[in-house]
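Heads up, the thing below is written out as structure tokens.
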């Protein structure tokens, strides 16, 4: 399904964010990508849909190359890949429906999209997804009126309405509280199973990842250092990925996860105050 | 037992105490010397005060009637100039502003557009008006072109700054869906900048109205010309009437633009 060979990305300054990564993700597999901040997780998934331009290597989805495409061909390739973001990345001043329908922009022409005249089949699908994600009746609310969990549900709808073969998920729960995080992960797992989607999920919360995914890949300094089942993720492996730490103590306390949402909430407040 | 209290003061703006003293001292000295060179002719001031008082007194007794024909004609001309100039200037500022946003435009386009903005902003309206009056002759056409020209610089600069401040994550998300460039602009960028842009356009409308009164004095048409005539005829009642009308219209514009901006947020 997704086939990555020798993927390398060098940023200005020369350090290799992604360094010779080979990775295959079969249809229907939910794969978690873990690793410390700066290990290259975000860069890797952004190379897949070419939001970031890789320096070397090839990427193919269903046998069709993504690397080397330009203009319209690249946009067609991007339609096959839905993306879900850490801070949701909804267009704040658009409604839920407009945000969801923006996932169809690769399929409709400029004037139709500008006048919001999407094909009825798209609108039907949007309503279906909004209901499925538990947001029934909220389609005309503006995105900035929603809570974090609701926003991420909109983000998921927007990715799925693209009718993708592959989902690229960048820290979907880093801005959410622990309970909402689990709900969002559960929704993702269910939807991927329903549609037989392959998905790469970047995630910091190792325990959460182990709970929901069938395969974990560990990235350190741009290289894959672990690839296996969640159960195989031993203390030694975690040390190899993240470095020395008392892993059992960390696993016992879920409180650590509380820091990230608090930080994100503070950021959001700062945004609003501007 | 307690440790010695640790004193704290905010760090000074200029770290070096000698430099600090030199700059503050020099500033104070220059101010004193500058004040010393002012030569005030108190007799002339006293004389002017009387005339000024006559002018202010006229506000209590504004004369709308005796020159009403000229006043209303000037007002209509000014309003026409203002609306046309604002519409034209705002429309032209869109591509210029877009080109002047470093995150959206390639470098050559950026430099050209920043150049246009700099040219438009570096001359005050009155000087541009004098130039256009020479080019197009007396009348509202020169005034309209002047205001449109000034509007481009103002709107394009502020639009470009807003565009450079947009949330890139929203743009990235829409790009990831396979959107084309125009779709990217209308879905991810436009919603982020439109409310403020409309607010600024309404604000510019009332700036243009006020400016139309000023540039009329150099012959660019509108109420300014009427105002200037009334001053030179010492018809302070008429001048006061015109000024009161300008104040009224600006206040209405201010109030309306406030409502519009609130609605858009």
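The values are calculated or read from the model by the stated rules, or taken from the named source; none is laboratory data. What you see is a predicted model, and the numbers here were worked out from it, not measured in a lab. Positions of Cβ are generated from backbone atoms using ideal geometry, with glycine treated the same way; all protein chains shown enter the neighbour counts.
Residues that are within 12 Å of chain B (Cβ to nearest Cβ) and either under 18 Å from residue B:175 (Cα atoms) or not in a helix (DSSP H, G or I) (or both): does the stretch A:133-142 have at least one?
Yes, because at least one residue in the stretch A:133-142 is within 12 Å of chain B (Cβ to nearest Cβ) and either under 18 Å from residue B:175 (Cα atoms) or not in a helix (DSSP H, G or I) (or both).
Within the stretch B:100-143, how many residues are outside any helix (DSSP H, G or I) and under 30 Å from residue B:165 (Cβ atoms)?
9
Any residue in the stretch B:185-202 that is farther than 20 Å from residue A:96 by Cβ, away from chain A (no Cβ under 14 Å) and touching a residue at least 60 places away in the same chain (Cβ under 8 Å)?
The answer is yes, given that some residue of the stretch B:185-202 is farther than 20 Å from residue A:96 by Cβ, away from chain A (no Cβ under 14 Å) and touching a residue at least 60 places away in the same chain (Cβ under 8 Å).
Just to be sure, is residue B:75 touching a residue at least 12 places away in the same chain (Cβ under 8 Å) and in contact with a helix residue (DSSP H, G or I) (Cβ under 8 Å, 6 or more places away or on another chain)?
So residue B:75 fits the description; yes.
Answer yes if at least one residue in the stretch B:220-239 is within 14 Å of chain A (Cβ to nearest Cβ) and farther than 30 Å from residue B:122 by Cβ, and no otherwise.
no
Taking the stretch A:1-20 as the region of interest, how many residues are within 24 Å of residue A:185 (Cβ to Cβ) and either in contact with a helix residue (DSSP H, G or I) (Cβ under 6 Å, 6 or more places away or on another chain) or part of a strand (DSSP E or B) (or both)?
Selection size over the stretch A:1-20: 2.
Can you tell me which of (1) closer than 30 Å to residue A:144 by Cα; (2) surrounded by fewer than 17 Cβ atoms within 10 Å (Cβ to Cβ) is the one residue B:231 doesn't meet?
(1)
Which of the numbered conditions does residue A:187 fail, given that it passes all the others? Conditions: (1) under 28 Å from residue A:121 (Cα atoms); (2) crowded, with 20+ Cβ neighbours inside 10 Å.
Status for residue A:187: all satisfied but (2).
Hey, which of the helices (runs of 4 or more DSSP H) in the stretch A:41-105, taking only ones fully inside, have at least 2 residues that are more than 9 Å from every other protein chain (Cβ to nearest Cβ) and either modelled with pLDDT under 90 or crowded, with 24+ Cβ neighbours inside 10 Å (or both)?
A:41-48, A:96-101
Return the total of residues in the stretch A:152-182 being within 14 Å of another protein chain (Cβ to nearest Cβ) and closer than 19 Å to residue A:204 by Cβ.
Here the count works out to 11.
Among the numbered conditions (1) touching a helix residue (DSSP H, G or I) at 6+ places or on another chain (Cβ under 7 Å); (2) away from chain A (no Cβ under 14 Å); (3) touching a residue at least 40 places away in the same chain (Cβ under 8 Å), tell me where residue B:207 comes up short.
Checking residue B:207 against (1) touching a helix residue (DSSP H, G or I) at 6+ places or on another chain (Cβ under 7 Å); (2) away from chain A (no Cβ under 14 Å); (3) touching a residue at least 40 places away in the same chain (Cβ under 8 Å), the one that fails is (1).
State yes or no: is residue B:15 free of Cβ contacts under 8 Å to residues at least 24 places away in the same chain and part of a loop (DSSP other than H, G, I, E, B)?
Yes; evaluated as a whole, the condition is true for this residue.
Residues of the stretch B:151-171 being within 14 Å of chain A (Cβ to nearest Cβ) and in contact with a helix residue (DSSP H, G or I) (Cβ under 6 Å, 6 or more places away or on another chain), which ones?
Of everything in the stretch B:151-171, those that are within 14 Å of chain A (Cβ to nearest Cβ) and in contact with a helix residue (DSSP H, G or I) (Cβ under 6 Å, 6 or more places away or on another chain) turn out to be B:162, B:166, B:170, B:171.
Would you please list the contacts, defined by Cβ atoms under 6 Å and residues six or more apart or on different chains, that run from a residue in the stretch A:62-77 that is closer than 21 Å to residue A:6 by Cβ to a residue that is in a helix (DSSP H, G or I)?
A:66/A:77; A:69/A:77
Pick out the one residue from B:35, B:92, B:88, B:79 that is on the phi < 0 side of the Ramachandran plot and exposed (fewer than 11 other Cβ atoms within 10 Å of the Cβ).
After applying the criteria, what remains is B:35.
The rows are residues; the columns are (1) at pLDDT below 70; (2) within 17 Å of residue A:35 (Cβ to Cβ); (3) part of a helix (DSSP H, G or I); (4) in contact with a helix residue (DSSP H, G or I) (Cβ under 7 Å, 6 or more places away or on another chain).
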{"residue": "A:225", "(1), (2), (3), (4)": "no, yes, no, yes"}
{"residue": "A:236", "(1), (2), (3), (4)": "no, yes, yes, no"}
{"residue": "A:240", "(1), (2), (3), (4)": "no, yes, yes, no"}
{"residue": "A:264", "(1), (2), (3), (4)": "yes, no, yes, no"}
